[in-house]
Every structure is written in C-alpha cells, then in structure tokens.
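Colleague: Quick one: structure below, then a few questions.
The values are calculated or read from the model by the stated rules, or taken from the named source; none is laboratory data. Quick caveat, the model's predicted, so the values are computed rather than measured. Note that each Cβ is placed from the backbone with ideal geometry, even for glycine, and that neighbours are counted across all protein chains shown.
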Amino acid sequence: MSRSRSCHVVIPSSFLGRALAASFSPQHSHPVLYSLFQFTGSVLNRNTMAFPVPAHLPRKKDTDVSTTLLTKMSETTPKTLTFELTSSWVSELERAITQTKEQIRERIHSDLPAFEQQFSTSRSIQERLRTLSSNVDTLSTALSHPETGMIPNLVMTLSRHASLAQDVADANARHDALSYLSRCRHGLADLTTLAQEGRLPEVVSSCEDLDPVLLSPPPPLEESTIYTDLQRRYRSIQDRTQEQLSEALSRSISVSSHCIIVRSSVQVRQSDTVLPLSSIISALSSSSRTNHLNTLRRDLTTHYLENIFSQPFSVEVTSGNAESKLTLFPSPPNVENKDTRINNLTTVLTFLNDHLFHHLPPEPSFPRTLAKPVTSALLNKLLIPSLPSSLDQLPHYLSLVRHAVAFEETCLHQILDPTSREREIRSWVDGLASHYERKRRTDILERARGVILREENESEQFRVEVVIVPDTPKEPAPPVIAVGEEDPAAWGFEDESEESTPVDEDGWGFEDEPEPVPEPEPTPVPPVPVVAEQEDPADAWGWNDDEPLPADDPEAEDPSAWDDPWGEEEPAPAPAPVPKTATRLEKLAGKSNGTPVAPPIQSPNPLTAPPPTPAMPVAAKHVPPPLRTEPQIVKESYVVSGRVKELMFLVEDVLREAEELSSSGLLSPSSSTSSVGSVVGQSAAMILDLYRGLYPVTCADQLAKSPKRAVRFSNDCLWVSEEVGKVLKKGRVAPSAVERLAEGQERLKLLADSWFEDSIDNECQNVNDILDGASGFVEMADQEHFDECEAAVNSVLQDIRRWSQQVKSVLTKSKYYNAIGAVVDSALSRILSDVLALPDIPEVESHKLSELCHILGALEALFVEDPEQPSFVVAYVPSWLKFSYLSELLEASMADITYLFEEGALVDFEIEELAKLVCALFADTPLRANTVNKLMQGHPVLS
C-alpha cells in the first residue's frame with residue numbers, strides 16, 4: 001500500500017456474526033477472547049465497518065501488535081475465518097502484553113536508584129502539599145471568621161468612624177450655609193431699603209460690595225432653590241436701580257431735533273431724593289453709560305453738528321437755576337450768510353461746555369469724540385459743498401474759509417480736544433487752490449460729458465470752409481486731346497464766405513464762378529490729316545457696342561438716388577450709339593498688318609457703359625503748356641457736428657478762466673511745483689481726451705452702421721484739431737496747458753485721419769466680401785455661376801454708389817474723390833488680380849468676363865461734374881486705365897494686343913501679366929509664341 005494513500009478495512013458483519021456465534025460457547029469463555037467478542041459484537045450492529053487507515057502510519061516495518069492484528073483481521077475473508085485463527089490472534093495479543101510488562105520491569109531495574117529517588121521525591125512533595133493546605137485553611141479561618149476574624153472587625157470600626165465624620169461635615173456645612181444666607185439676607189434688606197428711599201448711587205455702591213458674596217456661595221447652596229431665589233431678587237434690585245438711573249439721566253439730558261435741555265439735578269421717581277447729574281452718570285454701569293454717551297453723541301452729531309452746517313438756523317440759549325436750554329429756529333435760506341452757521345455751532349459747543357461736559361467722567365473723554373465729527377461736518381457739509389463755481393464768488397468764500405480756520409482754533413482745540421495737534425481744516429485750506437481747481441475740473445468735465453453724450457441733432461450741423469492750394473508740378477506734361485475735343489476746364493469751384501455757414505445738403509456752394517484766369521494764346525498747331533471716317537472716341541473702349549442699362553437697375557428705379565449734394569445737376573445720360581462695323585482697335589490692327597479684320601463678336605448680354613474716359617486717340621494734337629501762373633486758390637467745405645462747436649466754446653472758456661484765476665491773485669499755490677490755474681487750464685486738454693475716449697465707445701454701433709456719421713466724426717476731430725491750433729497760435733494759453741493741448745491736437749488729427757482711413761478700409765472690405773461670392777471668376781461658361789458673378793459685380797456697383805452718396809454730402813471734394821477713388825480702385829484691383837490669375841480663359845469665358853468688367857465702367861460717372869468735360873477718374877483711380885484695357889484685351893485679337901503694346905498703351909500691365917494673359921486667351925501657336933517673345937522684351941520706349 002502506498003504511503004501517500006489511506007486504506008479502509010471492511011469486515012462483513014454477517015460473516016463475523018456467524019463465525020463468532022459458531023466458535024464461542026460458554027465452555028470456551030476466556031477474558032481476552034471475551035473482550036474481543038465484545039468489540040466484535042459492537043461492530044456487528046452496523047452493516048459494514050469501515051475506518052480509514054492514515055497514509056503516514058508505518059506499513060509492515062516497525063508496526064505494533066495491534067496494528068499487525070488488525071491488518072490480519074482485515075485481510076481475513078469469511079471463508080478463512082475460523083476459531084483457531086481467532087485463538088491465535090488472542091494468544092498473540094497476550095504474548096505482546098506479557099512482553100511489554102517484562103520490558104517495563106527490566107527498564108526499572110536497569111536504573112533502580114534513580115527510580116527510587118524519584119519515587120521518594122514525589123512522596124515528599126505530596127506530604128508538603130498536605131501541610132501547606134492545612135496551614136492555609138487555618139489562616140483563612142483567622143481572617144474571615146464572622147465573629148473572631150480580623151477583617152469583619154476592621155470593617156465594623158471603619159464604618160463607625162465614617163458615620164461620625166459625616167455628621168461633623170454636615171454640621172459644618174449647615175453652619176456655613178446658614179451664615180451665608182444670613183449675610184445675604186441682611187445685604188438684600190439694606191439694598192431694598194436704599195432703593196425704596198431713592199438713594200440709587202448708594203445702591204450701586206452696596207451692590208459692588210455684595211457682588212463678590214453672591215458670586216462665591218458654599219458648594220451645598222450652588223444648586224439650591226433658596227440661592228436661586230437670592231440671585232433673582234438681587235438681579236431684580238440691580239436692574240431696577242439701573243433703569244431708574246437711566247430714566248433719571250434721560251430727564252437730565254434731553255436732545256431733540258430742535259432743542260437741548262440739561263438739568264444739573266433731578267428727583268428720583270416715587271421718592272424725595274434729588275440726585276446731581278454727575279452722580280447719576282457715575283452710578284450707571286459701564287455698558288449703560290457707554291450706550292447713553294453713544295446715543296448722545298449720535299443725536300448731537302445728527303441734529304446739530306451736521307444739521308447746522310446743512311441749513312440756516314437761529315440759536316437761542318436760556319439758563320435757570322437747575323435747567324439750561326438751547327433752541328434752534330429755522331431761518332429763510334435766501335438771506336442767510338454761511339458764516340452764521342459756524343457761529344451757530346460755536347454757540348452750541350459753548351453751551352455744551354458750560355452745562356454738560358463738566359458733569360461727564362474725564363475718561364474716556366466725551367468731548368474728544370465730538371472733534372472728528374465736527375471737523376468732518378464742517379468740511380463735508382459746508383466748506384466743500386460751498387466751493388464756488390465761478391471766480392466772482394471766490395472772495396466771499398475766502399472770508400468763510402478764514403472764519404472756519406478761526407473756529408478750529410477757538411472751539412475745536414480749546415473746548416473739544418485741547419491736546420490734539422492736528423489742524424485738518426487749516427491743512428485743507430492750505431490746499432484750497434487745488435481743491436477749487438479740482439472741483440472746477442470735475443464740473444467742466446461733467447458738462448463736457450453731457451455735451452458728448454446727448455442725442456445727435458442734425459439741425460446743429462454746420463459747414464466749415466477750407467482753402468486748398470493745389471500743388472503745381474514743376475514740369476507739367478502737355479495734355480493729350482483727341483481731335484475735335486477741347487481742353488478740359490478747371491474745377492470751377494465758386495467762392496464762399498470765410499464764415500462758417502449752416503449745412504446745405506444740396507451742394508458745396510459752387511453757385512459763384514471764380515474769377516477767370518487769363519490763359520495764354522495757344523500756339524498754332526499743324527493741320528491734322530482728315531480721317532476717312534469720323535471716329536467716335538467711345539469706340540476706342542468698345543462701350544458703344546453695349547446696350548442700355550436693364551430696367552431692373554436699382555439706380556434706374558430711383559431717379560433721386562443720385563441727386564448731387566453739391567447743388568450741381570448731373571448730366572443727362574446720352575443715348576447709346578448704334579454699334580459700328582469696325583471699332584478703333586480693329587482699324588488700328590488693320591493698319592498695322594495690312595489685312596482686313598473681322599467685326600468683333602457681340603456680347604450676348606450687352607450693358608450700357610459709363611461716359612468714355614479719354615484714351616489715346618489715333619490722331620492727336622499736342623497743345624503747348626500754358627504759361628506758369630500762380631496756383632489757383634480753391635475753397636471747399638465739409639460738415640461738422642454742432643456738439644464739437646460747443647466743446648470748443650467750452651475749451652476757450654476754460655482757458656480764459658484759467659488765465660483770469662492766475663492773474664487774480666486770490667489763491668496761493670498749494671505747492672511750489674504747481675501754479676494757480678494750471679489744473680483748470682489742463683482741463684481744456686482733458687475735454688479733448690474725454691471726447692476722443694468717450695464718443696467712439698458710446699456711439700460705436702451708430703458709427704459702424706452709418707458711413708456718413710463715421711466720416712463726420714473724422715471731420716469733427718479734424719475741425720477741433722484745427723481750432724485748437726488756432727487757439728495755440730493766439731498765445732493766451734498757460735504754459736502748463738500748452739503741451740497738453742498740443743498733444744491733444746496731434747491725437748485728434750491722428751484720430752481724424754485714422755477714422756477717415758478706417759471708413760475707406762471698411763468699405764473696401766465690404767467690396768472684397770461681396771466679390772468673394774464670384775469665387776475668383778472661374779468656370780464662367782456655367783450660366784448659373786455667371787449669374788452669381790454678375791450679381792456680385794452689380795452688388796459692388798450699388799454698394800459703392802450708396803456709400804459715395806452717404807459720404808459725398810459730408811466730405812470736401814478732394815477728400816471725397818480720394819475716398820471714392822480708393823474704394824473703386826480696391827474693387828478694380830481685386831477683379832484684375834482674379835482675372836489675371838486665371839490660367840486658361842476660353843473664348844466664351846473671355847466674352848463674359850468682358851461683360852462683367854463693363855458693368856463697373858458705370859463707376860466713372862462718380863468722377864464727372866460737367867457733362868461737357870471728360871471725367872477725371874484716372875486721377876483718383878490708379879488702376880482705371882489698366883482695368884479698362886483689360887475689358888478690351890479680353891475680346892481683342894492678337895494683332896490688337898500687339899498694336900496696343902507697341903504704342904505704349906499697356907504700360908500699366910507688368911510684362912509677366914501680359915504674357916500670362918496672352919497664354920490664357922490664345923491657343924499655343926507660333927503666332928502666340930512670337931507675341932509672347934515680343935512682350936518679354938519689355939515695354940517699348942516711346943520718343
């Protein structure tokens with residue numbers, strides 16, 4: 001059997017029962033066998049006997065007799081079990097027992113002395129244990145016996161001693177309690193008697209003696225009912241005494257809004273005792289006295305110290321034997337002198353000092369607590385609010401200030417606080433110049449703030465006339481005039497008066513013509529060969545090929561949309577000429593190569609173009625330059641808001657006031673670094689700063705939505721800057737304000753320029769945003785996309801027209817044309833960059849792009865004043881000629897482009913731009929290669 005496993009021995013009960021029943025009989029009885037029989041019989045009560053044999057037990061080797069016997073029994077089958085086998089098991093077991101006994105005896109005899117010694121030791125220990133147990137029992141009896149034991153007798157003695165000690169302690173506690181109660185009873189009786197007689201200060205003194213007694217009761221009385229009753233009665237007497245003292249003090253000192261009553265002595269209620277005021281105040285508890293003094297200080301401050309400085313009164317004082325009274329009577333304010341208010345407060349403080357202050361305890365000093373409220377009331381209620389708002393009121397105010405300084409010396413520092421060294425009123429008066437000027441600065445800026453923030457009034461606007469001297473070039477280029485055309489005339493601005501005139505939205509005032517300037521006689525010009533066919537200058541641009549403007553044009557619907565704000569009538573639109581068989585470009589191309597040119601392809605959606613711009617004619621005459629004359633003086637005007645005129649009036653008034661204040665000598669400077677009038681003078685520059693910082697912020701929404709208002713704000717800043725410059729030139733400005741005003745002037749000029757430029761930039765950005773909808777003018781063959789691009793270009797046209805109408809009535813002519821020219825140039829430059837960036841332009845797309853370019857040709861009308869004179873769009877729109885030539889180049893032939901290039905008409909284009917445009921318009925042929933090579937050689941130099 002493996003050692004790692006356990007085995008079970010199973011003996012069938014039926015077999016053992018039958019075997020034992022057959023083998024044993026009474027005559028075979030044996031003790032050992034009988035025991036084995038009993039063991040076996042107990043097992044027979046079960047059907048199967050099974051018990052585990054642990055795996056760690058030894059097997060075969062080193063096994064005892066019982067293990068061997070049980071192993072044999074487990075290995076015996078029912079057939080092999082016999083009586084002889086059972087007898088052998090019994091005999092074997094008896095032999096094993098006998099051997100064990102013999103081994104024990106041998107083991108004892110092998111070491112007998114040691115065995116006997118241990119045996120005798122054990123017997124001795126047993127004897128000693130019996131002796132010890134007997135002694136312990138005897139001792140226990142001696143200690144714990146109920147009658148004779150020591151412990152019961154000791155406990156009985158201690159109990160009698162403790163009882164006697166408790167009786168002694170109870171007697172002492174009872175004596176102490178009765179003595180304490182007797183003392184308290186007599187004390188309370190005395191307090192009651194004094195309180196009933198009205199001797200309140202003596203009650204307070206007795207309470208001070210009785211307080212320590214009631215606060216240290218004997219321990220047995222701390223939680224007793226009688227001690228609680230004593231405390232209740234004591235507190236009742238004490239509280240009633242304090243109430244009577246408070247009531248007596250209230251009758252002694254009475255402060256109301258119209259009178260002060262002080263009684264030096266008062267009779268206690270329900271008694272004949274009369275108490276002096278000083279004893280009443282000293283008898284009050286510290287907390288009650290503090291509360292009464294705080295209330296008294298509050299009433300005096302509210303009804304007298306502050307109220308007397310706020311409105312006029314007359315003061316009356318009456319004194320008797322035991323009562324003194326001060327009464328206030330309101331006075332009419334129209335005849336009141338503010339010096340009287342200081343006199344009234346002097347009377348009040350003198351009354352309090354004579355009849356009240358000496359009754360109060362010295363510490364803490366009650367009068368000292370009134371010094372700060374009096375000083376604050378004098379400054380905040382009288383001196384500061386009475387600061388004059390004009391120079392003529394200053395002498396009377398200075399008299400009031402001197403009276404206040406004398407009051408501080410005589411009353412504040414002699415009556416209220418003699419120990420104080422502070423002179424707040426004198427210190428404030430020493431800085432009176434700065435206080436006055438700061439107040440004036442606040443008033444001035446508040447007035448300016450009201451002007452800046454008030455609602456806009458269009459009727460207050462006015463026009464400002466400016467004189468413009470145009471720059472005369474040193475070497476003027478002779479004008480190039482087409483055959484049959486006249487020399488363009490000058491602007492022809494009318495004269496205006498130098499005075500600012502009200503706003504006239506109908507014009508810039510050009511009714512009066514300027515005096516004519518004598519012109520030199522023209523030099524005779526050689527005759528020009530007559531051309532076979534009279535040419536129309538408009539043919540050079542190809543505008544005569546277009547049709548009139550569609551009926552749905554927004555400008556066509558509203559005839560008044562383009563009313564001239566300068567009072568000039570717009571020229572009536574000329575009827576569109578009938579398209580001719582050959583344009584000027586075709587004729588020029590035919591002359592250049594000697595071959596006939598086919599007529600141009602007509603646009604599917606022709607549009608009416610604006611009046612023609614002077615272009616390079618076929619045959620031109622050179623007019624000699626006129627003799628050098630003095631530059632013509634031109635007068636222009638622009639619109640300015642009424643609010644800035646009022647601000648400038650305020651600035652001039654402030655500077656005038658600063659000069660008068662400085663020269664009056666009424667005030668002395670507060671410090672050696674500042675002069676009188678400097679703060680007021682610097683307020684003029686602060687008005688400008690306030691306008692610059694406040695108006696653009698508060699009106700940001702209106703300025704962002706209205707270009708007219710934005711450029712008018714630029715005009716306002718420009719006008720104020722110029723007016724400030726005029727003020728500075730007069731030389732009547734204090735030196736301390738000159739630098740600030742000059743700085744404000746520069747900032748206003750910078751702000752005017754920046755707002756003007758920002759308005760132009762905003763409109764340019766709007767145009768750019770609209771043109772973003774054209775997506776770079778790609779894929780123009782798609783009709784839907786072409787419609788989107790056409791709508792974007794038309795929107796640009798209408799947006800520029802609307803913007804120009806808003807700013808035209810506000811700006812001067814020169815600034816207007818600069819502004820609208822910058823916007824138009826931004827739109828044209830964007831379209832030029834988008835079209836020139838196209839890598840491939842098929843024929844259909846080139847025609848449509850040309851149509852889109854012709855739409856913006858209507859913007860030339862914005863630069864026409866006299867219908868008999870050509871427009872001056874080229875002078876204000878640098879990219880106009882380039883854009884105009886682009887619309888022609890998109891539909892021109894290779895010969896036309898070559899001719900224009902050789903004639904120097906395309907100098908506005910970069911060489912790379914022309915080469916890229918030719919490559920985009922025409923297919924890759926030897927002719928295109930030759931043309932590109934010719935273009936890459938650079939623009940021709942014309943003699």
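Table: residues versus (1) farther than 21 Å from D908 by Cβ; (2) of a type in the set (A, V, I, L, M); (3) in contact with a helix residue (DSSP H, G or I) (Cβ under 9 Å, 6 or more places away or on another chain).
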residue	(1), (2), (3)
S775	yes, no, yes
A792	yes, yes, yes
Q798	yes, no, yes
S809	yes, no, yes
S814	yes, no, no
V823	no, yes, yes
L832	no, yes, yes
L836	no, yes, yes
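Colleague: L296 passes all but one of (1) assigned to a helix (DSSP H, G or I); (2) touching a strand residue (DSSP E or B) at 6+ places or on another chain (Cβ under 9 Å); (3) free of Cβ contacts under 8 Å to residues at least 12 places away in the same chain; which number fails?
Modeller: (3)
Colleague: Would you call V823 of a type outside the set (D, E, K, R), touching an Asp or Glu at 6+ places or on another chain (Cβ under 7 Å) and farther than 20 Å from Y885 by Cβ?
Modeller: For V823, the condition - of a type outside the set (D, E, K, R), touching an Asp or Glu at 6+ places or on another chain (Cβ under 7 Å) and farther than 20 Å from Y885 by Cβ - is met.
Colleague: Go through the range 663-704 and give me each residue that's modelled with pLDDT under 85, surrounded by 18 or more Cβ atoms within 10 Å (Cβ to Cβ) and part of a helix (DSSP H, G or I).
Modeller: S678, V679, V680, G681
Colleague: Continuing with the same structure: What helices (runs of 4 or more DSSP H) lie completely within the range 373-460 and have 1 or more residues being free of Cβ contacts under 8 Å to residues at least 40 places away in the same chain and within 15 Å of F309 (Cα to Cα)?
Modeller: So the answer is 394-407.
Colleague: How about the range 332-365: which of its residues are part of a loop (DSSP other than H, G, I, E, B) and surrounded by fewer than 17 Cβ atoms within 10 Å (Cβ to Cβ)?
Modeller: P332, E336, N337, P361, P362, E363, P364, S365
Colleague: Within the range 78-124, track down each residue that is in contact (Cβ under 8 Å) with a residue 40 or more places away in the chain and in a helix (DSSP H, G or I).
Modeller: Result: F83, T86, S87, W89, V90, L93, E94.
Colleague: Now a separate question. Do we have any residue at all in the range 818-826 that's part of a helix (DSSP H, G or I), closer than 20 Å to Q765 by Cα and without any contact (Cβ under 8 Å) to a residue 40 or more places away in the chain?
Modeller: Checked against the condition, which is being part of a helix (DSSP H, G or I), closer than 20 Å to Q765 by Cα and without any contact (Cβ under 8 Å) to a residue 40 or more places away in the chain, the range 818-826 yields no hits at all.
Colleague: Filter the range 681-716 for residues that are of a type in the set (S, T, Y) and over 15 Å from T442 (Cβ atoms) and give the result.
Modeller: Within the range 681-716, Y691, Y695, T698, S706, S714 qualify.
Colleague: Between a first residue in the range 918-938 that is under 14 Å from S893 (Cα atoms) and a second residue that is of a type in the set (K, R) and surrounded by 10 or more Cβ atoms within 10 Å (Cβ to Cβ), which pairs have beta carbons less than 9 Å apart while being 6 or more apart in sequence or on different chains?
Modeller: Cβ pairs passing all conditions: V918/R928; C919/R928; L921/R928; F922/R928.
Colleague: For the range 143-189, enumerate the residues that are part of a loop (DSSP other than H, G, I, E, B) and not acidic (D, E).
Modeller: H145, P146, T148, G149
Colleague: Could you check, for the range 178-190, whether at least one of its residues is surrounded by 10 or more Cβ atoms within 10 Å (Cβ to Cβ), within 30 Å of E243 (Cα to Cα) and of a type in the set (S, T, N, Q)?
Modeller: yes
Colleague: Name every residue in the range 856-880 that is buried (at least 20 other Cβ atoms within 10 Å of the Cβ) and assigned to a helix (DSSP H, G or I), in order of residue number.
Modeller: Result: L856, G857, A858, L859, E860, L862, F863, V873, Y876, W880.
Colleague: Please specify each residue of the range 705-745 satisfying the condition of being farther than 17 Å from A819 by Cβ and not in a helix (DSSP H, G or I).
Modeller: G731, R732, V733, A734
Colleague: Just to be sure I understand the filter: pairs with C-beta atoms under 8 Å, separated by 6 or more residues or on different chains, first member in the range 213-226 and over 17 Å from D170 (Cα atoms), second member surrounded by 10 or more Cβ atoms within 10 Å (Cβ to Cβ) and not hydroxyl-bearing (S, T, Y). Which pairs pass?
Modeller: V213/R183; V213/C184; V213/G187; L214/C184; L214/L230; L214/Q231; I226/L181
Colleague: While we're looking at this one, here's another question. Condition test on V315, is it at pLDDT 90 or above, more than 30 Å from S287 (Cβ to Cβ) and buried (at least 16 other Cβ atoms within 10 Å of the Cβ)?
Modeller: yes
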